[in-house]
Amino acid sequence: MNKKLVLAVAPIVTFIILVIFFWFALEKDPKKLNSNLIDKPVPDFKLSALKNPERVYTSESLPNELFLLNVWGTWCGPCHIEHPYLMKFSQQYPVPIVGVNYKDQTKDALEFLEKKGNPYSMVIADVDGQLGIDLGVYGAPETFVVDSDGKVRFRYVGVIDDRVWNSKILPVIEQVQGYPLEQVQKDAAENDSEGMK
Amino acid sequence: MMKQLIATIALLMSLQAFAVIETYEFKTEEQEQLYTDIINELRCPKCQNQTIAESNAGLSEDLRYIVYQQVSNGSTKREILAYMQERYGDFVLYDPPVKPSNYFLWFAPLAVFLVILIAVLLKVGRRRIKPEQTGTEEE
Amino acid sequence: MIPELGNFLLIMAFINAIFLGVLSFIGAHYQHQGLMQFSKRASISIFALILASFVCLTISFINNDFSVAYVANHSNTQLPIHYRISAVWGAHEGSLLLWVLILTGWMAAVALFSKSLPKPLITRVLGVMGFIAIGFIAFTLFTSNPFDRVLPFIPIDGSDLNPLLQDFGLIVHPPMLYMGYVGFSVVFAFAIAGLLQGDLDHNWARWSRPWTTVAWIFMSLGIALGSWWAYYELGWGGWWFWDPVENASFMPWLAGTALIHSLAATEKRGVFKSWTVLLAILTFSLSLLGTFLVRSGVLTSVHSFANDPVRGRFILVFLGIVVGASLLIYAIQSNKIRSKANFGLFSRETALLFNNALLAVVTFMVLLGTLHPLIQEAFTGDKSSVGPPYFNLMFSIFMIPILILMPIGQQINWKQESMKPMLTKYWLWAISSILIALAMVIIMGGIEPMALVGTTLGLWVLAGCAKYVLAQASKSTSFTIGVKKISRSYWGMLVAHLGVAVTVLGVVLTSYYSIEENIKISQGETVQVEDLDVEFYDFKNTEGPNYISSAGSFRIYSEGELITDLHPEKRKYNASKMVMTEADIDAGLFRDIYVVMGEPLDDGAWAISVYYKPFVRWIWLGSIFMALGGLLAVSDKRYRQRRREKKQAKSETTSVVES
């Protein structure tokens, strides 16, 4: 008798569990990947600076404080949309933004930064994309939050506008460094430590 | 709105609907077979469910080249898959690794069948057949 | 005007469906003749309304009415007329309307062809189908209306149909597949009706069987068409990827196959009644689940239609109500269904039981693999993938016992048979299968263990079919009389099982013995690929109806003899700017040879792929046999039913005369 009851009721119970499961699954985006680099150091690299091909950057060259690592390219439409926001954030907040120019033509990238402005404290030229692959980049623009020990703490895939900055990036920065992030007003020229007009 | 815009732009960038044919040359046939096996087991990180063999996305092309290089240098399948997994996570492995979080996936179907097998053998095997007209087919 | 008319007809159908869904159950419960008659009429008129609505949409496509958003998004003035028509079901909204059309079509068919069935039962069946129709029409009307207008700025021209879909395969694959998907709603409705009545006699199984078999035939053909289409359209040698959408169609097919076998046992021996009912519910539930998976965006797939969580929620709620209600009814009523299980361990009943258990486990495995990334993410937050390596391995493992069982199950007696004589009957056939398989495998190119196993099993099933015919024939005085005595439904079984063998052989041989080579070749050059010589002798650019094509010409030689002349193309479509490759396939019964154009290389040469695929056509040839088998089985039932009725009528008139 009991076995019959179990066999009769098992299908509907299983089904209800499945439906509840699907209901929550609808909110997830199956195309978003998780970064495998969380809590790991930024991968080693040896690449030239965008502006000065003779200057070589390695992971030692990266800032010793908390910074953002932004992967971008002139071929990437959304990166063009993100750019003005990066300009604003680089001026308003004391967090340096390191650029990784991913799979791009150096000439185009330089022109772009000259015309539209340079929000980056340094730009690494990742022409063949190996650094991008080591970072697990799959869709530019991507931005990593790296702490003062050089460990990756967060990755965001997509354009960072005001809404994303306030709801996703700012909270992570504040949580990582342990204190709130104060706005400052910086001169646009102060950003570029390599002296680009 | 932004999501749709990005999606549209991304879509426009992938106007090709075919796999790129690579003409890599290998030193041995085993290497060529190994290359083919691996690129058919790795998932393109940015596509709609395609292997890097099938996809013509730029990233797939880069990844195929890396596989080619590593195969030519003598890396094993395990090493190459680990290399990809380090960067992109389990997502790129179409062959799910046999680890505790995947035990259910790999063993549940067989387990379910064994349970059914035992249940049937016990129930039907123990049954005493009542004499009736023993039928062959009834047509 | 016409789109508005189409929308209006859709609304009318919706209203009628509500009446049908509600009034049928009242009518059946009170055995109210008027309401029961209404059910039949309403079913037919709903179909007529939907058909007219569908025609309106088709006319909008033919007339290039780009004020209709759906037409603007999926058509173009340069699109040839036959693709303008098939574009109707080329995307989400239109294919949904096709779904509804086919559902109401089956509903009308049940209303028309059920004269000999008890009225209350049929009324309930139509009520269930009407209820399902309410949900799908509502989904179409309120979230995915193909008649929505793009106003006030009407585009001058449309975005064109995706070039991948501008193909014969698209014209036939979805309608065939939907006929199957939706067709299982009939046996589902019969199951619910039976449960509501509280009894399932063996007539219930007899009536459900033809409907189920016909749906299964369409499903088999639909899936095979999809596979064949992917093979020649994508041109990279693959024909099945275990993509979530593909799995969404394969699961109902697997459950439907188990259902057919279970129905046979229920009809003939009165066993497995509650399992059959559960399978009927499960099969159609898997169809609905498939609809959810494909249109909700919850899984990533190359085939996905819509990625809209709002639509996803709607379907999920509907799925929850329909399947939840049916499983609830099952939970409550299933104890009223009694089977008389009086069979031993070595019997056809047990063979069928194991067959169904294995098919059910395979269905579970496919579902598990498909959903596992979601489950994994829910528990650990990690993203993962499950692809062909998993599915191919697991499927092969479970197919082995299914194939071994097939010849045995065909012939073993109902109720009880003794084990020893059974084994002695088969050992010769088993040994022959292994030896012939060994020979085949060596000829093909070398012994691959799994290829040997697969080939042996395919031949074993073929042997089983031959053995059956011989065994039956030997029971009679002459061979021909014995063969003639085999009823059509048993021929159906044999032919369908033959189809399985053919497909298995095709899958195994092509998987292990195919050749694919990527080569660089310049015009005028000849390159050797394994045993073949490939000569690139011509190249030209031409204009098609809505594309520009670059075509290469290749001659393939084997041992100096010309075997084929191929002209693969690369096409750039004008409207969408999409680039497509069209492989040119020399299709043969025992092998395909084809060439795919890759990219032009820097030195003026081209990268091309040359393919040799042995026995690949057998994969789909097998499904044609399966469909034929189903057809033979169905035609048997009808014949006997009419004959039985004629006999009954005759005896009644005789008794009247005599009295």
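The values are calculated or read from the model by the stated rules, or taken from the named source; none is laboratory data. Predicted model, so just to flag it, every value in this text is computed and none were measured. All Cβ positions, even for glycine, are placed from backbone atoms using ideal geometry, and neighbour counts span all protein chains on display.
The table that follows gives values for the structure above.
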{"item": "Answer from C:VAL214, C:VAL172 - the residue that is surrounded by fewer than 19 Cβ atoms within 10 Å (Cβ to Cβ), within 13 Å of the chain's Cα centre (by Cα) and not charged (D, E, K, R)", "result": "C:VAL172"}
{"item": "Residues located in segment C:582-591, provided they are assigned to a strand (DSSP E or B) and either more than 30 Å from C:ASP157 (Cβ to Cβ) or over 27 Å from the mean Cα position of the chain (by Cα) (or both)", "result": "C:ASP584, C:ILE585, C:ASP586, C:ALA587, C:ARG591"}
{"item": "Segment C:21-48, residues that are out of contact with any Ser or Thr (no Cβ under 6 Å at 6 or more places or on another chain) and of a type in the set (A, V, I, L, M, F, W, C)", "result": "C:VAL22, C:LEU23, C:PHE25, C:ILE26, C:LEU35, C:PHE38, C:ALA42, C:ILE44, C:ALA48"}
{"item": "Residues of segment C:230-252 that turn out to be crowded, with 23+ Cβ neighbours inside 10 Å, in contact with a Ser or Thr (Cβ under 8 Å, 6 or more places away or on another chain) and hydrophobic (A, V, I, L, M, F, W, C), as a count", "result": "2"}
{"item": "Condition check for C:THR213: under 19 Å from C:GLY622 (Cβ atoms) and at pLDDT 90 or above", "result": "yes"}
{"item": "Residue among C:LEU345, C:LEU353, C:LEU327, C:LEU299 that alone is in a loop (DSSP other than H, G, I, E, B), facing another protein chain (nearest Cβ under 7 Å) and buried (at least 21 other Cβ atoms within 10 Å of the Cβ)", "result": "C:LEU299"}
{"item": "Residue ID - farthest from C:TYR513 (Cα to Cα), chosen from residues in segment C:555-581 that are away from chain B (no Cβ under 14 Å) and under 36 Å from the mean Cα position of the chain (by Cα)", "result": "C:HIS567"}
{"item": "Criterion violated by A:ILE20 - all others in (1) more than 29 Å from the chain's Cα centre (by Cα); (2) within 8 Å of chain C (Cβ to nearest Cβ) satisfied", "result": "(2)"}
{"item": "Residue list for segment C:414-461, filter: small (Gly, Ala, Ser), closer than 30 Å to C:LYS268 by Cα and surrounded by 18 or more Cβ atoms within 10 Å (Cβ to Cβ)", "result": "C:GLY458"}
{"item": "Selected residue (only one of B:LEU93, B:LEU34, B:LEU105, B:LEU42 is crowded, with 19+ Cβ neighbours inside 10 Å, within 27 Å of C:TRP239 (Cα to Cα) and either more than 11 Å from chain C (Cβ to nearest Cβ) or of a type in the set (Gly, Ala, Ser) (or both))", "result": "B:LEU34"}
{"item": "Residue in segment A:35-48 that is surrounded by fewer than 18 Cβ atoms within 10 Å (Cβ to Cβ), in contact (Cβ under 8 Å) with a residue 60 or more places away in the chain, among the basic types (Lys, Arg) and not assigned by TED's automatic domain parsing to the domain that holds A:PHE144 present", "result": "yes"}
{"item": "Some residue of segment A:25-48 being assigned to a helix (DSSP H, G or I) and within 10 Å of another protein chain (Cβ to nearest Cβ)", "result": "yes"}
{"item": "For C:LEU293: the one exception among (1) out of contact with any Lys or Arg (no Cβ under 6 Å at 6 or more places or on another chain); (2) surrounded by fewer than 19 Cβ atoms within 10 Å (Cβ to Cβ)", "result": "(2)"}
{"item": "Within segment C:333-342, considering residues that are within 8 Å of another protein chain (Cβ to nearest Cβ) and assigned to a helix (DSSP H, G or I), the one nearest to C:LEU196 (Cα to Cα)", "result": "C:SER334"}
{"item": "Search result, residues across segment A:49-58 that are within 21 Å of the chain's Cα centre (by Cα) and either outside the structural domain of A:GLY129 (by TED's automatic domain parsing) or surrounded by 13 or more Cβ atoms within 10 Å (Cβ to Cβ) (or both)", "result": "A:ALA49, A:LEU50, A:TYR57"}
{"item": "Residue count, segment C:470-501 (criterion: out of contact with any Leu (no Cβ under 9 Å at 6 or more places or on another chain) and in a loop (DSSP other than H, G, I, E, B))", "result": "6"}
{"item": "Residues of segment A:114-162 that turn out to be over 24 Å from A:GLU65 (Cα atoms) and more than 11 Å from chain B (Cβ to nearest Cβ), as a count", "result": "4"}
{"item": "Qualifying positions in segment A:58-84 - outside any loop (DSSP other than H, G, I, E, B), over 17 Å from A:GLU142 (Cα atoms) and in contact (Cβ under 8 Å) with a residue 60 or more places away in the chain", "result": "A:SER59, A:SER61"}
{"item": "Residues satisfying the stated conditions in segment C:356-391, i.e. at the interface with another protein chain (Cβ under 7 Å from one of its Cβ atoms) and of a type in the set (Val, Ile, Thr)", "result": "C:VAL361, C:THR380, C:VAL386"}
{"item": "Helices (runs of 4 or more DSSP H) within segment C:38-114 that include 3 or more residues in contact (Cβ under 8 Å) with a residue 40 or more places away in the chain, surrounded by 22 or more Cβ atoms within 10 Å (Cβ to Cβ) and of a type in the set (A, V, I, L, M)", "result": "C:92-112"}
